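Undergrad: Quick one: the structure is below, and I'll ask about it shortly.
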Amino acid sequence: MRRTLAILLGGIGGAALDRIHVRHGVLSYPDASGQPWWVAPQFGIATIGVLESARMFADADIDPAGRIVTGAAWFVGSYAASGMLDRRHARALAAALVLCAAARTARRRDRARALPYALLLTAAGTAYEHFLSGIGAFSYARPDLGNVPAWLPGLYLQGAPLAIDLVASFVKPRVRG
């Protein structure tokens, strides 16, 4: 039941956030006036991958409930900023996202686990989008880091703490031995 809910909410939320990029001309899909049918299911499935990978880094001893709202606000705000600032201030946006994520991670008690996860998610997510863009699934208007914009890694860095906190709150973290 939790996975189904995660797929549903991740698909709806991810497609809504992606729509910010489509509306602002940050990315486009071939042969589509907006988003193709597969965008929401792809975000739903990706949500499971993100949450399952975060399980290995979540700490059951930390109460993240208060951090979920803050983390969601940072992530949604970062998505909105990437839509609005991509064309005019892409490099400054990239730097701001990375610096904010670094400061947020440094303040966490679980930073020894959060930092490796953030780097892993950033590398995997950026590589995945680079691949999808490379095969023509979509294209960014201003790619300057291969097929993706320079600010994209910072967006993944912003999402990593939220993923860890969601897992710690709603899913049993994996036991480390």
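The values are calculated or read from the model by the stated rules, or taken from the named source; none is laboratory data. Keep in mind that what you see is a predicted model, and the values were worked out from it rather than measured. When we count neighbours, we look across all protein chains shown, and the Cβ atoms used for this are built from the backbone with ideal geometry, even at glycine. The area values use the complete protein model at the heavy-atom level, side chains included, leaving out ligands, DNA and RNA. Shrake-Rupley method; radii C 1.70, N 1.55, O 1.52, S 1.80 Å.
Undergrad: Could you tell me whether any residue of region 76-99 is out of contact with any helix residue (DSSP H, G or I) (no Cβ under 8 Å at 6 or more places or on another chain) and among the acidic types (Asp, Glu)?
TA: no
Undergrad: Restricting to region 1-34, and then to whatever is open to solvent by 90 Å² or more (accessible area, probe 1.4 Å) and in contact (Cβ under 8 Å) with a residue 24 or more places away in the chain, can you tell me which residue is farthest from Gly159 (Cα to Cα)?
TA: Arg23
Undergrad: Looking at Ser82, Ser139, which is the one that is out of contact with any Asp or Glu (no Cβ under 9 Å at 6 or more places or on another chain) and surrounded by 17 or more Cβ atoms within 10 Å (Cβ to Cβ)?
TA: Ser82
Undergrad: Which residues, counting only those in region 1-56, are in a loop (DSSP other than H, G, I, E, B) and over 23 Å from Asn147 (Cβ atoms)?
TA: Result: Met1, Met56.
Undergrad: Answer with yes or no whether Ala60 is more than 17 Å from the chain's Cα centre (by Cα), open to solvent by 20 Å² or more (accessible area, probe 1.4 Å) and modelled with pLDDT under 95.
TA: Here the answer is yes, as Ala60 does meet what is asked.
Undergrad: To continue, here is another question. Within region 125-154, track down each residue that is in a loop (DSSP other than H, G, I, E, B) and among the small types (Gly, Ala, Ser).
TA: Gly136, Ala137, Ala141, Gly146, Ala150
Undergrad: Cβ-Cβ below 6 Å, separation at least six or inter-chain, first residue in region 35-54 and among the aromatic types (Phe, Trp, Tyr), second outside any helix (DSSP H, G or I) and surrounded by fewer than 18 Cβ atoms within 10 Å (Cβ to Cβ): which pairs?
TA: Close Cβ pairs satisfying both conditions: none exist.
Undergrad: Going by the conditions given, is Gly49 under 12 Å from the mean Cα position of the chain (by Cα) and surrounded by fewer than 19 Cβ atoms within 10 Å (Cβ to Cβ)?
TA: So Gly49 passes the test.
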